[in-house]
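Read the structure below first, then the notes.
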Amino acid sequence: MENLILTKKKVLQINEDTFILIFEEDPDFSPGQFVMMETPALVRKPFILGRWMGKTAISVKIRGKGTKYLVFEATQIRCHLPLGNPFVPPNERGMAIVSTASITMASMLNEIYGVEVLVGSRTPLVMKTPFETVVGDNAFEERIKKLDYEWYLISGSIEMEKKAWNILKKRKTEIFLALEEYMGCGIGACKSCAIQTKYGIKHVCTDGPIFRGDELCW
């Protein structure tokens, strides 16, 4: 883990409340890993790392003062990265099902491994992306029912992940879920990200953030 400063190069709006932050620097990290960011308004907050337009990037959903600061005010952000374990796809015949808040991670998987991407958004996108997008909960659920891949990585809100999991779990496929929303400190100190699995208690920040769906006790 390194402590470093990331400098915002560009901010792109995805939908009404989610933005892509693109950075000048290009630190070393792998798909699935995350960054903890510090600001005056937000002590520490995890964001899944990714790439956009060939540069290091994260997606930020506006939730409060801290995320507003990151999107609209911050120019240089103190960070701790890379954290967590990389995700290596089982093979090339899979799909990343993500919310707009995880689109940069999915973009990196597409760039490196050729993984196909499906983006779900509750509100219309205000920018074009290279990925298939469905808008609204009903359209999202209906599209997932028609998918046919050997594995899936689901990354978004807990509610969105559970909806996709409940549809896909009946199939003979591997399903992975990204649980970065559970984290507090990001380094295993606070224990707030403890989750129950079939193999006992695990911590999202040190054992994840991506887990096999059949390992979790929902």
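Structure notes:
- Set P40, P46: member being more than 16 Å from D26 (Cα to Cα), buried (at least 21 other Cβ atoms within 10 Å of the Cβ) and not hydroxyl-bearing (S, T, Y): P46
- The condition of being surrounded by fewer than 17 Cβ atoms within 10 Å (Cβ to Cβ) and among the small types (G, A, S) holds for only one of G114, G84, that being G114.
One line per residue, one yes/no per condition, for (1) more than 22 Å from I154 (Cβ to Cβ); (2) in a strand (DSSP E or B); (3) touching a strand residue (DSSP E or B) at 6+ places or on another chain (Cβ under 8 Å):
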| site | (1), (2), (3) |
| --- | --- |
| K8 | yes, yes, yes |
| V11 | yes, yes, yes |
| N15 | no, no, yes |
| L21 | yes, yes, yes |
| D28 | yes, no, yes |
| G32 | no, no, yes |
| V35 | no, yes, yes |
| P46 | no, yes, yes |
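- Test set (1) outside any loop (DSSP other than H, G, I, E, B); (2) out of contact with any helix residue (DSSP H, G or I) (no Cβ under 7 Å at 6 or more places or on another chain); (3) aliphatic (A, V, I, L, M); (4) modelled with pLDDT of 95 or more - L147 fails condition number: (1)
- Within the stretch 204-218, the only residue that satisfies the criterion of being over 22 Å from K169 (Cβ atoms) and either of a type in the set (D, E, K, R) or at pLDDT 90 or above (or both) is T206.
- Residue ID - farthest from K45 (Cα to Cα), chosen from residues in the stretch 187-218 that are part of a helix (DSSP H, G or I) and in contact with a Gly (Cβ under 6 Å, 6 or more places away or on another chain): T206
- Within the stretch 54-71, the only residue that satisfies the criterion of being of a type outside the set (V, I, T), free of Cβ contacts under 8 Å to residues at least 40 places away in the same chain and within 26 Å of P130 (Cβ to Cβ) is G54.
- A search for C-beta distances below 9 Å between a residue of the stretch 202-218 that is closer than 10 Å to L177 by Cα and any residue that is part of a helix (DSSP H, G or I) and of a type in the set (A, V, I, L, M), counting only pairs 6+ apart in sequence or on different chains, returns F211/V204; G213/L168.
- Verdict on V126 being surrounded by fewer than 16 Cβ atoms within 10 Å (Cβ to Cβ), farther than 22 Å from P86 by Cα, touching a Ser or Thr at 6+ places or on another chain (Cβ under 6 Å) and modelled with pLDDT of 90 or more: no
- The residues in the stretch 89-105 that are of a type in the set (A, V, I, L, M, F, W, C) and either free of Cβ contacts under 8 Å to residues at least 24 places away in the same chain or part of a strand (DSSP E or B) (or both) can be counted, and the count is 4.
The values are calculated or read from the model by the stated rules, or taken from the named source; none is laboratory data. Bear in mind that the values here come from a model prediction, so they are computed numbers and not experimental data. Ideal geometry is used to build each Cβ from the backbone, glycine not excepted, and the neighbour counts take in all protein chains shown.
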